[in-house]
Every structure is written in C-alpha cells, then in structure tokens.
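Where a number appears in this text, it was derived from the coordinates with a stated rule and is not lab data. As the structure is a computational prediction, the values presented were derived from the model and not from experiment. Note that each Cβ is placed from the backbone with ideal geometry, even for glycine, and that neighbours are counted across all protein chains shown.
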Amino acid sequence: MGREFQTVLAALLKILPDYEDMLVENLVRPFILKDEDYKRLMDIMLGEFNKGLGKETNPTAKVKMYPTYVRDVPDGSENGNFLALDLGGTNFRVLLINLNGQEVTMESKIYLIPQHIMTGTGEQLFDHIAECIHKFMSNHDLLKEKIPLGFTFSFPCKQIGLNHAILTQWTKGFKCEGVEGEDVVRLLHEAIKRRGDIDVECLAVINDTVGALMSCAHSDRDCAIGLILGTGTNACYIEKLENVGLWDGDYNEPKQVMINTEWGALGDDGCLDFVKTEYDRQVDKHSINPGRQIYEKMISGMYMGEIVRLALEKLRKHGLLFGGKGSEELSTRGRFYTKYVSEIESDVDDHFKNTKQVFEELALEKYSDEDCRIAQYVCSLVSTRAAFLASVGVAALLNKMDRQDVTVAVDGSLYRFHPHFHDLMVEKIQQLVKPGMKFKLMLSHDGSGKGAAIVTAVANRLRESEKESIGENGLEN
Ligand code: ADP
Ligand code: MG
C-alpha cells in the first residue's frame with residue numbers, strides 16, 4: 001500500500017465515527033423539537049381545551065373536555081367497605097377497599113382479559129368482568145354481603161350522571177362490539193343480573209385521572225390535576241362552572257367540577273402534524289384505531305417501545321446499527337417493550353449491562369458498545385419528547401387554572417418506572433408556566449382503587465341521607 005493512501009485511510013477512519021454519528025443524527029433528528037415548538041404546542045392545547053369546553057364548539061372539538069359528576073375533593077370523613085373495578089388498559093383489577101379517615105387498606109387481584117375478549121363482544125366482556133367480581137367475592141368470603149361498587153373505567157365517556165357513562169370510543173387496544181354509544185354501568189348491571197349470584201350495585205363510575213386526583217387530594221388539599229402516563233395518557237383538572245359551557249347540572253356550591261380532558265385525542269384533526277415523524281405515522285397506521293389518539297400515541301406506554309423499535313430498525317437497515325444485521329425479534333411489531341426503554345436508560349456507565357441484556361432478549365447476535373450508545377441515545381430522544389409533550393399539557397392546565405400552588409397527581413407505569421420522566425417533566429413545565437407559579441408532581445398510589453372508593457363513599461352517604469330524609473318526611477310526594 002502506498003504511503004499516501006495509508007495516510008488518507010487513517011484520516012478517513014478517524015472521521016468515520018463522526019460521519020456515522022452524523023448519519024444517525026439525520027435519521028433521528030425529527031424527534032428533537034425546539035423550545036418554540038413546545039411553546040406553540042401549549043398554545044394549541046389551550047385553544048383545544050377552550051374549544052372542548054364551549055357549548056357551540058364542543059361538537060366539532062377533538063379534545064372533548066367531559067364534565068364528570070365529581071365536584072369536590074374528599075374531606076377525609078369518608079368511611080366503609082367498598083369494591084372497585086379498574087379497567088382501562090393493561091391490567092384489569094378487582095379491589096376491596098376500607099376507608100377510615102386517613103387510614104386506607106386495600107386488597108386487590110389482577111385478572112387477565114384475554115385478547116379475544118378485548119376485541120370480542122360487549123356481552124362477553126361484561127360477563128367476564130362479572131365472573132371476576134364473583135371469583136373475587138367468593139375468595140374474600142363476601143358473597144353474602146351487599147357492598148357498594150365504584151367503577152374506574154378509563155376510556156373516553158360522556159357522563160350523564162355519577163353512575164352513567166356512555167362510551168364514545170374504544171382506545172388502547174380494546175374494541176368490543178356493541179359498547180360504543182352505550183352506558184357501561186347499565187351493561188355491567190345487566191351482566192351481574194344475568195349471573196344472579198352476586199348482590200353488587202355500581203354507585204359511581206370514574207376515569208382513572210379522577211381516581212388519581214381524588215386519591216392524592218385525600219392527603220393533599222392542593223391537588224387539582226390528575227395525570228395518567230401508563231398504557232395511554234390523559235388528564236383531568238378542577239374547573240370553575242362558569243367556564244364549562246357544557247355543564248347541565250346544578251350551580252350549587254362548590255361552583256366547580258372535575259373535567260376529564262381526554263387529551264389523548266389531541267392531533268386527531270391534524271394539528272400535531274408539524275411535529276409528527278415517519279415513526280409516529282407508522283405506529284398510527286398499524287394501530288387498531290388509525291387517525292385517532294395522536295397525542296397519546298406520541299407519549300404513552302402502549303406505543304413508546306414501538307416508536308423506538310422502528311427507529312432502531314431504520315438505523316440498522318442503513319447499516320448504522322448491529323453491523324446491519326438484525327433479528328426476527330427486532331423486526332417484529334410490538335416486540336420492543338416500553339419497559340426496555342426504562343431499562344436501557346437506566347444504564348449509567350459504559351458497561352451497558354441492561355442494554356446488552358435487552359439485546360440478548362431480542363436475539364441480536366452482534367453488537368458493539370457503540371451500538372449500545374446509539375440505542376440509549378434513541379431511547380432518550382423518544383422518552384424525552386414524550387415527557388416534554390406531556391409537560392405541554394400539564395403547563396397548559398396550570399396556566400389555565402391560574403392557582404398559586406398546585407399538586408399534580410400522577411399515576412401510570414411509564415411515569416413510575418422510567419428513570420428520568422419526572423425530572424424531565426419538572427424541567428419543561430417550569431419553562432412553560434407563568435412566572436411565580438408553583439407546582440409539584442406527586443406519584444399517586446393506587447388511585448384507580450382508592451379514588452373510586454372515595455367517590456363511591458360520597459355517593460353512598462348522599463344516598464343514605466336521602467333515604468333517611470324520605471323516611472323522616474314520609475313518602476307523600
Ligand atoms: P394502565 O395504564 O393500563 O392502568 P399501567 O399504568 O401499568 O397500566 O401502564 C402500562 C403501560 O406501562 C404499558 O404500556 C407498559 O408498556 C408500560 N410499562 C410497564 N413497565 C414499564 C417500565 N418499567 N417503564 C416504562 N413503561 C413501562
Ligand atoms: Mg391504571
């Protein structure tokens with residue numbers, strides 16, 4: 001080899017890593033949004049909130065801003081035994097909760113919902129739920145008792161009362177025939193009646209966002225936002241009645257109501273197109289609900305792993321990862337779990353222990369430390385974008401409410417287990433809120449159970465006192 005050529009080759013090899021970095025950078029750059037983009041997104045979000053709240057604008061709004069019938073945070077006097085159901089994505093649970101002032105105890109059991117039921121008929125779904133309630137009551141020796149039940153049903157619903165919720169559309173992988181447009185409490189009661197062997201009445205149906213808010217508010221009176229970052233994403237907050245054009249209930253004190261934003265649907269009219277990437281479009285295209293829940297698909301646990309997988313596959317196909325050689329696993333839709341993102345980003349040194357473990361699970365045969373570094377980089381870009389996008393929604397709510405101190409109750413495995421989600425959100429929300437505004441993000445423990453029990457306790461107390469006053473006044477009316 002000529003000397004000159006050797007020199008050129010050495011120089012080339014030296015810049016090659018930089019050149020490769022640049023190629024990688026080119027393919028993942030769309031995940032990086034500018035500060036102005038996030039600011040613009042917050043303004044869009046605020047506009048969508050107001051559109052959803054307005055009586056005239058709501059019918060065409062994508063972010064539906066459903067008024068719940070929950071008007072106030074708990075006062076701590078709630079007590080008794082309650083059953084709760086938590087249905088809304090990855091796990092279905094039945095819970096038994098005892099409330100006694102600040103003391104809360106609970107037992108719960110997770111029941112599997114088989115795939116064929118998730119996409120079967122409504123009757124099959126509710127028969128299955130009723131069967132799980134029966135099993136749970138039988139195991140806890142409760143079959144002879146009459147226990148009020150609260151239902152945490154975390155899909156978009158138009159509520160027409162505390163225990164009436166009409167499902168508007170399935171999301172998050174569910175699609176049971178004959179439920180959209182129906183009252184899910186009625187369907188539950190019918191299934192219970194079909195069995196005839198349990199005495200359970202559902203007094204309240206809530207969303208998991210409301211559950212998170214209520215359960216945190218039980219110990220923190222400043223709590224005014226409930227946020228979910230799990231299978232899907234959504235948030236609720238406390239709004240003044242005067243701002244709720246849709247409100248058809250009474251105007252008694254407290255003149256406020258919790259609004260279930262259903263913000264996952266932001267972007268369904270194309271308003272997020274300017275930040276969507278080709279990876280987001282792929283995820284949407286292959287989902288069970290294309291064109292729907294666009295904001296949710298850019299943020300939540302059901303989709304994040306798949307976004308990362310698509311980006312890694314793209315890099316591999318360009319020869320920028322794993323020497324261009326992938327695996328059947330890496331090429332399989334849904335096979336890169338969102339928990340991998342947390343695991344990979346939890347590697348703090350150059351040994352890349354978790355990252356290599358994930359590569360092994362994906363049956364990748366050949367990988368270098370550089371591959372580990374790139375995979376970690378891709379994960380961090382996707383999760384940072386998700387955390388910042390969720391922050392946009394929280395900041396929009398904080399600015400809208402304009403309170404001095406607000407605690408945000410957060411539930412969901414993505415927030416709970418990702419190593420940086422909390423810190424990233426605090427950073428971005430701080431940048432976006434009005435100066436001087438104070439907020440806290442607080443992990444909500446078991447909101448879907450405890451929250452449902454609290455709301456059910458209040459409903460039960462009201463019902464008992466109504467019965468009493470009927471008893472006292474006679475039944476002449
Ligand atoms: P749900 O929202 O259905 O109530 P979870 O709050 O448990 O349930 O969220 C489930 C979602 O969280 C799944 O999409 C899953 O991919 C994701 N998830 C589970 N474990 C982790 C983890 N360690 N890091 C990030 N996401 C996770
Ligand atoms: Mg949940």
Taking a straight Cα-to-Cα line shorter than 13 Å from K317, and setting aside same-chain aspartates and glutamates fewer than 8 residues away, one finds none
Note on the chain, DSSP bridge orientation, antiparallel percent to nearest 5 equals 60 percent
A correct Karplus calculation of ³J(HN,Hα) over the stretch 260-275, with 6.51 cos²θ - 1.76 cosθ + 1.60, θ = phi - 60°, whole Hz and x for Gly and Pro, returns 8, 5, 6, 6, x, 7, 4, x, 5, 9, x, 6, 9, 4, 5, 10
For K144, which aspartates and glutamates qualify as cross-link partners when the Cα separation must be under 19 Å and same-chain residues fewer than eight apart are set aside? E107, E131, D197, D199, E201
Given contacts defined as C-alpha pairs under 8 Å and at least six residues apart, what's the relative contact order of the stretch 355-477, whole-number percent? 25 percent
Estimated vicinal HN-Hα couplings, Hz - the stretch 412-426 in sequence order (Karplus 6.51, -1.76, 1.60; Gly, Pro = x): x, 5, 4, 5, 5, 9, 5, x, 10, 3, 4, 5, 4, 5, 4
Quick one: Debye curve from the C-alpha atoms of the chain, no solvent, what's log10 I(q)/I(0) at q = 0.13 Å⁻¹? -1.22
Distance from the Cα centre of the stretch 162-223 to that of the stretch 292-337, in angstrom? 33 Å
For the stretch 302-405, what is the relative contact order in percent, using Cα pairs closer than 8 Å and at least 6 residues apart in sequence? 29 percent
For the chain, what is the relative contact order in percent, using Cα pairs closer than 8 Å and at least 6 residues apart in sequence? 19 percent
For every helix of n ≥ 4 consecutive DSSP H residues, a contribution of -39,500 (n - 2.57) applies; sum these over the chain, divide by its total residues, and give [θ] at 222 nm rounded to the nearest 500 deg cm²/dmol. -14500 deg cm²/dmol
Can you tell me the 0 to 90 degree angle between the C-alpha axis of helix 301-317 and the longest principal axis of the chain, rounded to 10? 10 degrees
Computed label-point distance, nm, for sites E177 and K440 using a 7 Å Cα→Cβ extension: 5.0 nm
Among the listed pairs K146/K467; K172/K276; K55/K428; K109/K450; K193/K450, those beyond 23 Å (Cα-Cα): K55/K428; K193/K450
Skipping prolines and chain starts, which residues have an amide H placed within reach, meaning under 5 Å, of the one on V406, given they are 5 or more residues away or on another chain? K438, F439, K440
Degrees between helix 3-28 axis and first principal axis of the chain (Cα, 0 to 90, nearest 10): 10 degrees
Any chance you could run the full-extension gain for M401 through E4? It's 0.36 nm times the residue separation minus the Cα-Cα distance, nm to one decimal. 136.0 nm
In degrees, nearest 10, range 0 to 90: what is the angle between the Cα axis of helix 369-401 and the longest Cα principal axis of the chain? 40 degrees
